[in-house]
1. What list of ³J(HN,Hα) values in whole Hz, one per residue of the stretch 59-65 in order, does the Karplus curve 6.51 cos²θ - 1.76 cosθ + 1.60 (θ = phi - 60°) give from phi, with Gly and Pro shown as x?
2. Which cross-chain or sequence-distant (5 or more) residues have an amide H under 5 Å from the amide H of residue 158, H modelled 1.01 Å from N in plane?
3. Using a Förster distance of 22 Å, how high is the FRET efficiency between residue 50 and residue 21, based on the Cβ-Cβ distance and rounded to 0.05?
4. Of 128, 11, which has the most accessible area and how do the rest follow, probe 1.4 Å?
5. Tabulate in residue order the Karplus-calculated ³J(HN,Hα) for the stretch 136-149, using 6.51 cos²θ - 1.76 cosθ + 1.60 with θ = phi - 60°, rounded to whole Hz; enter x for Gly and Pro.
6. For 113, 101, write out the residues from largest to smallest accessible area, computed with a 1.4 angstrom probe and no ligands counted.
7. Please get the size of the charge dipole for the stretch 112-152, origin at its Cα centre, with Cβ charges of +1 on Lys and Arg and -1 on Asp and Glu, quoted in debye to the nearest 20.
8. Tell me, what is the 1.4 Å probe accessible area of residue 30, in Å² to the nearest 10?
Amino acid sequence: MQEEPYGAGARLGEADHEALVSGLGALVREGVLGEAYVVRGNGSVDVRGAEWEERMRAVARSSIVMGPYGPHLFDSVFMAPGAAPPAGAAAADPHPDHSQTAPLLMEFFPGGTFVRDQEFAVRSLGMRYMAWWNDRKFAGNSLPPVVHTDSSTQRMSVDANAVLQAIREEAAHVVS
């Protein structure tokens, strides 16, 4: 999302983006995640052809989608149930706990801003949802109140280490 034009929506600061990308690569190398995709094009600009196909292919193969808040995250509704389990995850249980294996959307907000658009969409499809204000994680019934601000074009911060730790915990639930 870093290469999007001004006005294309909220974006992570460059250092946070790079820390997340680097950390996701480390989780793949450690075997915590089977794959990690970083896609460009946020749906609010002219995304077509191979770029759109790459984006949708990545979303459809993902069990976790994350990014700054905005309408581009509506693509997360195309995550496949049980998609891309971590490397080494066994599928031996014929009746798995789908509350732990359902896809997860992680949405990053500037502090003091929260909207429920994507949360309603993914939860209505049986997917899980997590919101972030920098290092504060909100999930389940702990979501913050809805607060609209005009922050759709600003760069925001997220604690990459906290997000990566949450991904480790989510992956552990899938494996156990």
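1. 4, 5, 8, 8, 9, 9, 10
2. Distant-sequence amide H within range of residue 158: 13.
3. Taking R0 as 22 Å, the efficiency between residue 50 and residue 21 is 0.60.
4. Result of the area sort, largest leading: 128, 11.
5. Along the stretch 136-149, the couplings run 8, 9, 10, 8, x, 8, 9, 5, x, x, 5, 9, 8, 9 Hz.
6. On the way: 113 5, 101 40 Å².
My answer, sorted largest first, is 101, 113.
7. Charge dipole, the stretch 112-152, about its Cα centre: 200 debye, nearest 20.
8. 110 Å²
The values are calculated or read from the model by the stated rules, or taken from the named source; none is laboratory data. What you see is a predicted model; the values in this text were computed from it and never measured. All Cβ positions, even for glycine, are placed from backbone atoms using ideal geometry, and neighbour counts span all protein chains on display. The accessibility values were calculated without ligands, DNA or RNA, using every heavy atom of the protein model including side chains. Shrake-Rupley method; radii C 1.70, N 1.55, O 1.52, S 1.80 Å.
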